[in-house]
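The values are calculated or read from the model by the stated rules, or taken from the named source; none is laboratory data. Model, not experiment: these values are computed from the prediction. Here the Cβ is made from the backbone with ideal geometry for all residues, glycine too, and neighbour counts use every protein chain on show.
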Amino acid sequence: MNQQPVPANSVSRILTASLIGTTIEFFDFYIYATAAVLVFPKLFFSAADPTSATLESLATFALAFFARPLGAALFGHFGDRKGRKATLVAALLTMGPSTVAIGLLPGYASIGIAAPILLAIFRFGQGLGLGGEWGGAVLLATENAPADKKAWYGMFPQLGAPIGFLISSGTFFILSKTMSEGDFISYGWRIPFIASALLVWVGLYVRLKISETPEFMKIIDNDQRAKVPFADVFVKHTAAITLGTLATITTFLLFYLMTVFTLSWGTSALHYPKSNFLIIQMISMLFFGLGIPLSAVLADKYGRNKMLVVATILIMIFGIVFAPLFTTGSLFITAIFLSLGMFLMGLTYGPIGTALAGIFPPSVRYTGASLAFTLAGILGASLTPYLATTLAHKFGLAYVGYYLTAASTVTLLALLGARKIMKQQAE
């Protein structure tokens with residue numbers, strides 16, 4: 001009796017499953033980022049010192065970035081040992097309940113110090129889930145991709161970032177326009193957190209319909225699974241994990257400067273109305289979304305490393321003009337500033353997933369790519385809103401731009417150092 005062949009994943013199923021999962025994950029992640037600026041300082045922290053409350057809220061925002069490497073190691077282990085599909089489902093089911101729990105959490109006025117403590121715990125859960133989600137989604141796409149379209153397939157999970165941001169910002173914008181400030185602070189902000197449960201069920205349904213990737217099936221057939229992928233990454237692939245992490249720092253730093261920091265600074269120090277600033281941020285996300293597929297096409301044509309090098313040099317220059325563009329007092333110029341920054345973000349973000357996956361062998365790829373990405377999150381994003389706010393207050397906004405340019409220099413050196421590793425893995 002002949003065995004039936006294992007059904008292959010269709011292109012539409014692969015790309016939908018990789019896109020929808022990251023969209024949901026980033027939606028969950030971004031609604032926290034927005035609420036951490038607009039709501040949480042007033043609700044979950046003592047009102048005695050508003051500035052301290054904002055900084056404490058941004059500190060809980062940073063916590064998830066320290067949880068993400070743990071999620072990368074945990075889910076990466078099972079992703080490299082048990083398979084991409086099951087691990088992706090588990091990651092989705094870790095982040096979803098954490099987000100819903102935040103939406104149900106009482107404030108400081110009700111339960112005192114327990115409120116920020118529980119907020120930090122659930123934020124940690126968000127980071128843990130996203131640490132395992134991103135790498136698996138990238139591998140689902142790239143390990144099913146034709147050799148000449150790796151970056152194109154790999155950019156679909158990356159599109160989840162602007163889509164998730166647009167949905168989250170759009171939700172907060174609608175809520176802020178349809179209810180009073182008091183109602184929004186009291187219960188309105190909770191709606192997207194609780195409603196995310198529905199999105200998780202959609203993502204779960206799609207993920208359960210996919211088959212395992214061909215490259216992981218080859219690992220099983222050839223008995224090549226690493227016993228402890230985490231250890232192998234740091235012992236056998238030290239250069240790859242180090243350079244991959246440093247090469248990704250600027251991607252994170254630029255994004256959180258252009259979103260969390262600019263929202264906080266723009267609506268406080270520059271006195272832009274919250275609703276107006278959210279609108280121009282949403283416009284800038286369209287340019288982010290435009291830059292991602294453009295960079296993927298260029299990366300497949302000219303090489304991932306070359307595309308990332310060019311994008312990084314442009315970001316270095318952008319850091320120098322950061323303050324002049326952001327302090328004109330014109331909402332129109334500020335919209336151009338945000339759109340330019342997010343377009344550059346798309347150019348670096350589009351190929352980065354495929355590039356990181358390409359510097360690790362299949363047996364440790366889930367762990368290696370996830371760890372490099374999430375460790376870069378600690379260095380490039382976790383404290384970025386906090387540090388940028390501190391720099392701007394103490395030394396002026398120009399130093400925030402210098403901070404970005406300095407990080408870009410580190411990334412550029414790492415990309416140049418990683419060219420040999422990328423070439424070896426491609427052979």
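The table below gives the values:
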quantity: Qualifying positions in the stretch 153-185 - of a type outside the set (A, V, I, L, M) and under 23 Å from Thr87 (Cα atoms); calculated: Tyr153, Gly154, Phe156, Pro157, Gln158, Gly160, Gly164
quantity: Filter result for the condition that a residue is assigned to a helix (DSSP H, G or I) and not basic (Lys, Arg), over Leu70, Leu105; calculated: Leu70
quantity: Test for Ala53: is it aliphatic (A, V, I, L, M) and within 23 Å of the chain's Cα centre (by Cα); calculated: no
quantity: Tally, over the stretch 333-379, of residues that are under 19 Å from the mean Cα position of the chain (by Cα), of a type in the set (Val, Ile, Thr) and farther than 20 Å from Val138 by Cβ; calculated: 0
quantity: Qualifying residue in the stretch 263-279 (condition: modelled with pLDDT of 95 or more and either closer than 30 Å to Ile185 by Cα or surrounded by fewer than 17 Cβ atoms within 10 Å (Cβ to Cβ) (or both)); calculated: no
quantity: Filter pass, Leu254 being closer than 15 Å to Pro162 by Cβ, at pLDDT 95 or above and either surrounded by fewer than 24 Cβ atoms within 10 Å (Cβ to Cβ) or of a type outside the set (Asp, Glu) (or both); calculated: yes
quantity: Residues (surrounded by fewer than 16 Cβ atoms within 10 Å (Cβ to Cβ) and in a loop (DSSP other than H, G, I, E, B)) located in the stretch 180-201; calculated: Ser180
quantity: Residue within the stretch 383-401 that is under 25 Å from Lys301 (Cα atoms) and hydrophobic (A, V, I, L, M, F, W, C) present; calculated: no
quantity: Residue, nearest to Thr22 (Cα to Cα), within the stretch 110-135, restricted to residues that are free of Cβ contacts under 8 Å to residues at least 12 places away in the same chain and part of a helix (DSSP H, G or I); calculated: Ile121
quantity: Matching option when the condition is surrounded by fewer than 21 Cβ atoms within 10 Å (Cβ to Cβ), farther than 22 Å from Pro351 by Cα and either hydroxyl-bearing (Ser, Thr, Tyr) or within 16 Å of the chain's Cα centre (by Cα) (or both), among Phe66, Phe61; calculated: Phe66
quantity: Check on Val138, modelled with pLDDT of 90 or more and either in a helix (DSSP H, G or I) or under 14 Å from the mean Cα position of the chain (by Cα) (or both); calculated: yes
quantity: Among (1) crowded, with 24+ Cβ neighbours inside 10 Å; (2) closer than 26 Å to Gly154 by Cβ; (3) modelled with pLDDT of 95 or more - the single one Gly319 does not satisfy; calculated: (2)
quantity: Test: Ser169 is touching a residue at least 60 places away in the same chain (Cβ under 8 Å), assigned to a helix (DSSP H, G or I) and surrounded by 20 or more Cβ atoms within 10 Å (Cβ to Cβ); calculated: yes
quantity: The stretch 45-67 residues that are without any contact (Cβ under 8 Å) to a residue 60 or more places away in the chain, paired with ones that are crowded, with 16+ Cβ neighbours inside 10 Å and in a helix (DSSP H, G or I) (beta carbon under 6 Å, 6 or more apart); calculated: Ala53/Pro41; Ser57/Ala36; Ser57/Phe40; Ser57/Pro41
quantity: Scope the stretch 290-303; condition surrounded by 19 or more Cβ atoms within 10 Å (Cβ to Cβ) and not polar (S, T, N, Q); matching residues; calculated: Gly291, Ile292, Ala296, Leu298, Ala299, Asp300
quantity: Residue satisfying all of: in the stretch 202-232; farther than 15 Å from Ala141 by Cα and among the basic types (Lys, Arg); surrounded by the fewest Cβ atoms within 10 Å (Cβ to Cβ) among these; calculated: Lys227
quantity: Residue check for Phe29: in a helix (DSSP H, G or I) and buried (at least 16 other Cβ atoms within 10 Å of the Cβ); calculated: yes
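Listed here are the residues, each with its yes/no results for (1) under 30 Å from Lys420 (Cβ atoms); (2) touching a residue at least 60 places away in the same chain (Cβ under 8 Å); (3) assigned to a helix (DSSP H, G or I); (4) not polar (S, T, N, Q).
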position: Leu254; (1), (2), (3), (4): yes, yes, yes, yes
position: Ala269; (1), (2), (3), (4): no, yes, no, yes
position: Gly289; (1), (2), (3), (4): no, yes, yes, yes
position: Gly319; (1), (2), (3), (4): yes, yes, yes, yes
position: Met342; (1), (2), (3), (4): no, yes, yes, yes
position: Leu356; (1), (2), (3), (4): yes, yes, yes, yes
